[in-house]
Each structure stands twice: as structure tokens, then as C-alpha cells.
């Protein structure tokens, strides 16, 4: 089974507090996903 992680790419949104995410959080999630052997990380566009 291949498992992926979604990256929070929005800085704000209708249902999320401001700031919802920042570049440091995106990097931390991607590094953790690599550490735990996830297949990939995805960001929306």
C-alpha cells in the first residue's frame, strides 16, 4: 500500500483561521512524511 500526505498550501480560507499554514509548516510536514516512509506529499493548486 502506498500512503501519501496532503500539504496545507493555503495561507487562509473561509473555514480556517488566519494564518492557516506557513512555509515552515509545509516543510516540516514534508520532512516528517519522508522520515516515516510516505510515498509522496501532495499540494492542491
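The values are calculated or read from the model by the stated rules, or taken from the named source; none is laboratory data. Since the structure is predicted, the reported quantities are computational estimates derived from the model, not experimental observations. Reconstructed Cβ throughout: ideal geometry from the backbone, glycine too, with neighbour counts over all protein chains shown.
Structure values in brief
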read-out	value
Which numbered condition residue 11 misses (of (1) surrounded by 12 or more Cβ atoms within 10 Å (Cβ to Cβ); (2) modelled with pLDDT under 85; (3) touching a strand residue (DSSP E or B) at 6+ places or on another chain (Cβ under 9 Å))	(3)
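For (1) modelled with pLDDT of 75 or more; (2) surrounded by 13 or more Cβ atoms within 10 Å (Cβ to Cβ); (3) in a strand (DSSP E or B), each residue gets a yes or a no:
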| position | (1), (2), (3) |
| --- | --- |
| 1 | yes, no, no |
| 15 | no, no, no |
| 30 | yes, yes, no |
| 34 | yes, no, no |
